[in-house]
1. If you filter segment 1-93 for GluC sites (Glu not before Pro), then keep DSSP loop positions with at most 10 other Cβ within 10 Å, what is left?
2. Tell me the label-point distance for the pair ILE37, GLN185, using the 7 Å Cα-to-Cβ offset, in nm and rounded to one decimal.
3. Ignoring any ligand, DNA or RNA, what whole percent of the accessible area of the chain comes from carbon and sulfur when the probe is 1.4 angstrom?
4. Provide the percentage of antiparallel DSSP beta bridges, counting only those with both residues in the chain; round to the nearest 5.
5. Starting from the Cα gyration tensor of the chain, take the square roots of the eigenvalues, sort them a ≥ b ≥ c, and report rounded, prolate or oblate (rounded when a/c is under 1.5, otherwise prolate if a/b is larger than b/c, else oblate).
6. For the chain, list the DSSP H helices whose alpha carbon atoms reach 18 Å or more along the long axis and whose average Kyte-Doolittle value is 0.5 or above?
7. How large is the convex hull of the C-alpha atoms of segment 30-102 per residue, in Å³?
8. Grab the Cα-Cα distance for SER98 and ASP62, subtract it from 0.36 nm times how many residues apart they are, and report the gain in nm with one decimal.
Amino acid sequence: MDILKKSSFSPIALFVYNRLTHTISTVEALALNAEAIHSDLIVFSDGPRDEADAKLVKDLRDFLKTVVGFKSVRVVVQEKNIGLAESIINGVTQVLESSETVIVLEDDLVSSRYFLNFMNTALEKYKNESQVASILGYCLPVKGKLPETYFMRGADCWGWATWRRSWQYFERDGKKLLSQLEEQQLEYGFEL
């Protein structure tokens, strides 16, 4: 993809819990991206499940206070554990209330130094393509040569980005989604 030429960059939402070593690797890899210095990093730190996790969560939050290399770093702290799914849903929704786009990572992803360039470029390129709901940073492990970019019918959680225009269609009720797939006889295509 072409090198991104724009004055604003998508905010990065990073979701963490209690894995300090993983989080350090994730943040260090992101900071190596040329676009990091232009990007707002918003870290959503889930709360401890119990007293045993409290020290791990505290240590991780202490590390987050030292993070540099981004336009800004903001940490959103949950006092109690809400779980990864709820954290991501709430965090992405919150970011998209004030931004048209968001780049999403979890605490165990070590990205390429071109990750932010790819994501920002793709968000800009496909912003008006209603059939493109998200950008994925993960490449399928297939044999043979794939094109530089390609389209898939599904989504993945290993580094992704989306627009407010797409997130408005997010449905958190899995049973409702399954019912709709069955009613429209789309199960086979969905499973592919």
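1. Hits after loop and neighbour filter: GLU79.
2. 5.8
3. Looking at the chain in its full context, I get 54 percent from C and S.
4. Antiparallel bridges make up about 30 percent of those DSSP assigns within the chain.
5. Cα axes put the chain in the oblate bin.
6. Passing helices, by number: 84-98.
7. 95
8. Extending this stretch completely gives an extra 10.3 nm.
The values are calculated or read from the model by the stated rules, or taken from the named source; none is laboratory data. All figures in this text were calculated on a predicted structure; none of them were measured in a lab. Note: ideal-geometry Cβ built from the backbone for every residue, glycine included; neighbour counts use all protein chains shown. These area figures cover heavy atoms from the full protein model, side chains too; ligands, DNA and RNA do not enter into them. Shrake-Rupley method; radii C 1.70, N 1.55, O 1.52, S 1.80 Å.
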